[in-house]
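See below for the structure under consideration.
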Amino acid sequence: MLSLYKLEIFASVVQYGSFSAAAAQLHMTQPAVSQHIHDLERHVGTSLFNRGRRGVTLTEAGTTLFDYTQRILRLVAEAEASVTNVENLVSGQLSVGSTPGVSVYLLPEWLQGFRGRYPNLGASLTTNTTTHIINDVLSHQLDIGFVEGELDDLQTDDLGFHVLAPIDLLLVVGEDHPWHKVDTISIEELDDHPFVTRQPGSRTRIWIDHILRQHHVKPRIVAEFDNPEAIKQSVMSNLGVTILPEYAVRREIKGKLLYGLNIQNVPLERNLKIIWDANLPYTPVARAFLQFLSTGYPSIEELL
């Protein structure tokens, strides 16, 4: 009988295109992965992969087996989800990933509430850029992800996503900045103005740069960070101004440490999205987490 474990390794090799890449994702050695595939080929009596210098491709038999493997793995996941009652689990783990803002300001409160509801279940949180979170979800390193980055050029048939809520962003200045006394500025005023922003390659940076280019505005980049807290501290030190989600600066604005402005005729809004692998059902723990979140985001009920 075919081994489910070996089929999972086989599926990973197909997904990543080489034994070495699959081994890295599975935290195995390449020889171990190769041996499992060799055992599988010997069991079915035929070659499953065409080996080449640049990786592997499926043979005709491999393509057939992969089709069955996808269905088998989905059925196993569906069976587990159907019969598992998380209320009775003595242990369980949720693996969730998100972009930095969500990770720092939203997810900790969500996870604390979830742990209060299910004290026997644990959770691990990964913080990264939108592109990396998508890759980790599709490679099954994460159960679900939360991102604010635009998905237009990143969508695949394998990626499921759902918009949870709109996110308002503000132009943020420090208490010593002359703009702190106004509610609105024109975007042209940002031209050659000291600006603190996210690192190159992040979807937030791409989104901000796109808006600025649309209006032929080029601020003077004085610092780049991958952490919203570092950006806030820089702005409070009057290093420059920035653009951040309202939820990330709510406390500082209330305490008058930072000030939030609107940009005239330039709406600053993005969407908070949940993402998952569309080829697999949610794990029982992930489903319980989404059910918990649905009290604050009722549209999640559509996914359950």
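The values are calculated or read from the model by the stated rules, or taken from the named source; none is laboratory data. What you see is a predicted model; the values in this text were computed from it and never measured. When we count neighbours, we look across all protein chains shown, and the Cβ atoms used for this are built from the backbone with ideal geometry, even at glycine.
Close contacts from the stretch 274-297, counting a first residue that is under 18 Å from residue 8 (Cβ atoms) and a second that is modelled with pLDDT of 90 or more and assigned to a helix (DSSP H, G or I), with Cβ to Cβ under 6 Å and a gap of 6+ residues or different chains, come to 277/137.
Within the bounds of the stretch 91-103, is there any residue that is part of a helix (DSSP H, G or I) and either over 30 Å from residue 202 (Cβ atoms) or at pLDDT 95 or above (or both)? No, the stretch 91-103 contains no residue that is part of a helix (DSSP H, G or I) and either over 30 Å from residue 202 (Cβ atoms) or at pLDDT 95 or above (or both). Checked against the criterion of being exposed (fewer than 15 other Cβ atoms within 10 Å of the Cβ) and not in a helix (DSSP H, G or I), the candidates 108, 119 yield just one match: 119.
Note on the stretch 152-204: residues that are closer than 19 Å to residue 135 by Cβ, assigned by TED's automatic domain parsing to the domain that holds residue 216 and over 16 Å from the mean Cα position of the chain (by Cα) total 3.
With respect to residue 149, determine if the residue is under 30 Å from residue 303 (Cα atoms), assigned by TED's automatic domain parsing to the domain that holds residue 97 and at pLDDT 95 or above. Quick ask: steps written out before the conclusion?
Values: under 30 Å from residue 303 (Cα atoms): yes; assigned by TED's automatic domain parsing to the domain that holds residue 97: yes; at pLDDT 95 or above: no.
Considered against the rule, which asks whether it is under 30 Å from residue 303 (Cα atoms), assigned by TED's automatic domain parsing to the domain that holds residue 97 and at pLDDT 95 or above, residue 149 comes out as no.
Taken over the stretch 35-65, the criterion of being surrounded by 16 or more Cβ atoms within 10 Å (Cβ to Cβ), under 16 Å from residue 5 (Cβ atoms) and either without any contact (Cβ under 8 Å) to a residue 12 or more places away in the chain or touching a strand residue (DSSP E or B) at 6+ places or on another chain (Cβ under 6 Å) (or both) is satisfied by 41 alone.
Please tell me if residue 121 is over 16 Å from residue 286 (Cα atoms), touching a Phe, Trp or Tyr at 6+ places or on another chain (Cβ under 9 Å), of a type in the set (A, V, I, L, M, F, W, C) and in contact (Cβ under 8 Å) with a residue 24 or more places away in the chain.
Values: over 16 Å from residue 286 (Cα atoms): no; touching a Phe, Trp or Tyr at 6+ places or on another chain (Cβ under 9 Å): yes; of a type in the set (A, V, I, L, M, F, W, C): yes; in contact (Cβ under 8 Å) with a residue 24 or more places away in the chain: yes.
Judged against the criteria, residue 121 is not a match.
Which members of the stretch 133-168 meet the condition of being touching a Leu at 6+ places or on another chain (Cβ under 9 Å) and of a type in the set (Gly, Ala, Ser)?
The first filter runs over the stretch 133-168 and keeps only residues touching a Leu at 6+ places or on another chain (Cβ under 9 Å), leaving 133-134, 136-138, 140, 143-144, 146-148, 151, 156, 158-168.
Answer for the stretch 133-168, where residues must be touching a Leu at 6+ places or on another chain (Cβ under 9 Å) and of a type in the set (Gly, Ala, Ser): 160, 165.
For the stretch 271-288, the set of residues classified as surrounded by fewer than 18 Cβ atoms within 10 Å (Cβ to Cβ) and within 15 Å of the chain's Cα centre (by Cα) consists of 271, 278, listed by residue number.
Return a yes/no flag: does the stretch 192-211 have any residue that is modelled with pLDDT of 95 or more, more than 27 Å from residue 151 (Cα to Cα) and among the acidic types (Asp, Glu). Yes: one or more hits.
Selection over the stretch 150-171 of residues that are closer than 27 Å to residue 265 by Cα and without any contact (Cβ under 8 Å) to a residue 60 or more places away in the chain gives a count of 2.
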